[in-house]
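Single-structure report; data block below.
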Ligand code: GLN
């Protein structure tokens, strides 16, 4: 009940799009009843969580923060949310995000930006971006409105908002969490994952969310490891790689210092530090910003004014006019930009020059990681090249915004597990995140390195 009251009181952050107190209370009541009956409690018994509004929730409006889905109430539950309810959790509400998860600041939401609860300690009171696209999730957890939330990560959307708000979040190996019932952005990259206050809570959440699902053709048919039971901050015998190509030009000294501090912490935990090379790193961002929009343009073709949400039917209009009017009114600018880029790079004359080329680059990036694993067990890098920026600071410059994803997209292209954990504060008192990238299926080593840092 305390959480429910806080959510309603914290409207200024704009983190919640819909509140669902009854759902959370029902889970709490079920947990109380189980406790009273002396039953073994489920792993998330009664825990009130926030759901990024990209997960379809049965009977609860789901918008992907886009006008085009206004009025859409799914008659089904996403596998990830269903798994969480099975584990005993309840839903406090649906969390704001960048429209269709496209963005790094939560400013592309059709329902207004989310505000980070953090402020600079310099007297500058400018509201800060909570990161994106899972900015409702990061803001809500950082403000203690919920103990944990779901996120999705296509090119960094769990890790970068976690870094901006001083919380933890893990994107598991591609295929660990079912994509069924999660609104698609770029299907070969999209992965759900948890965001929470610490590594242990992330491990508990991920165990509940993950698992094989026959309804998602890319779901991994593997048992879910007992990540929480396997947690250990002792890294003796582990080798941590430092990829030299991540020392990008103009990296702020504070980010350099954070990285060095992270290295020291992992050494203290017993790890051996080795330098590694990921030579194709600088091509990851351009490849991502071809592949992700290409897939998005295909996935978003389904919003036609017939099947979901909004329909704009001008007087005397035909079918084509309805498509055009609905899509013009329903999609935001960033979504339209991605659809235009995506259809362009997939068009007959340009497909080989852009999409095929980007797909080849993607393979080279995955091979870089494969070669690095000969030398190390996990990689340590900063999560983002800066602390949280002010709202509005980058919103008129898409390229500046895309550059914020420089450290998160390579592991997304390679489908690898990657986590952000808080690494301390910068000179203005803002949180900075450290990223740990692991081998495919080795979330345990990622979580353990995260535990050693936090
Ligand atoms: N910021 C990246 C983008 O805009 C990543 C988004 C995401 O991971 N959903 O595409």
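Read-outs: derived from the displayed coordinates by stated rules, not from any lab. Predicted model only: the values in this text are computed from it and were never measured. Cβ coordinates were reconstructed from backbone atoms using ideal geometry, including for glycine residues, and neighbour counts include every protein chain displayed.
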May I ask you to work out the translational diffusion coefficient for the range 232-289 at 4 °C, viscosity 1.567 mPa s, via Stokes-Einstein with Rh from the Kirkwood sum over Cα pairs, reported in whole µm²/s?
-> 100 µm²/s
In whole angstrom, the spacing between the Cα centers of the range 234-270 and the range 351-372 equals 26 Å
Cα gyration tensor category, rounded, prolate or oblate, for the range 284-336 with a/c compared to 1.5 = prolate
Just the Cα atoms of the range 305-410, one point each, no solvent: what log10 I(q)/I(0) does Debye give at q = 0.21, 0.23 Å⁻¹?
-> -1.15, -1.19
State whether the range 390-435 is rounded, prolate or oblate according to the following rule on the C-alpha gyration tensor (a ≥ b ≥ c being the square roots of its eigenvalues): a/c under 1.5 gives rounded; otherwise a/b larger than b/c gives prolate, and the remaining case gives oblate.
-> oblate
Computed, not fitted: 222 nm per-residue ellipticity of the chain from DSSP H runs ≥ 4 (each -39500 (n - 2.57)), nearest 500, equal to -10500 deg cm²/dmol
Classify the range 246-321 as rounded, prolate or oblate from the Cα gyration tensor: take a ≥ b ≥ c as the square roots of its eigenvalues, call it rounded if a/c is under 1.5, otherwise prolate when a/b beats b/c and oblate if not.
-> prolate
Residue separation times 0.36 nm, minus the C-alpha to C-alpha distance between residue 249 and residue 277: what's the value?
-> 8.5 nm
Run the numbers on the chain and let me know its relative contact order in percent, using alpha-carbon pairs under 8 Å that are six or more apart.
-> 18 percent
Computed over the range 193-272, the Cα gyration tensor eigenvalues, each multiplied by 5 and square-rooted, give semi-axes in Å (largest first) of 31, 18, 13
Return the Rg/Rh value of the chain, two decimal places, where both radii are evaluated on C-alpha atoms and Rh is the Kirkwood radius.
-> 0.96
How big is the range 75-188 on each of its three principal axes, counting only the C-alpha atoms and giving the largest first in Å?
-> 46, 30, 27
Pop a pseudo-label 7 angstrom from the Cα along the beta-carbon direction at both residue 454 and residue 198 and give the gap in nm to one decimal.
-> 0.7 nm
Note down the nm distance, to one decimal, between modelled labels 7 Å out along Cα→Cβ at residue 212 and at residue 359.
-> 2.8 nm
Roughly how many Å is it from the Cα centre of the range 1-33 to that of the range 113-135, as a whole number?
-> 23 Å
Here, the range 335-376 modelled as identical Cα point scatterers in vacuum has Debye log10 I(q)/I(0) at q = 0.14, 0.18, 0.34 Å⁻¹ of -0.46, -0.60, -1.00
So what's the range 2-209 giving for Rg/Rh, alpha carbon basis, Kirkwood Rh from the mean inverse pair distance?
-> 0.96
With bins of 5 Å, the percent of all Cα-Cα pairs of the range 360-426 per bin from 0 is 3, 13, 21, 20, 18, 12, 8, 3, 0
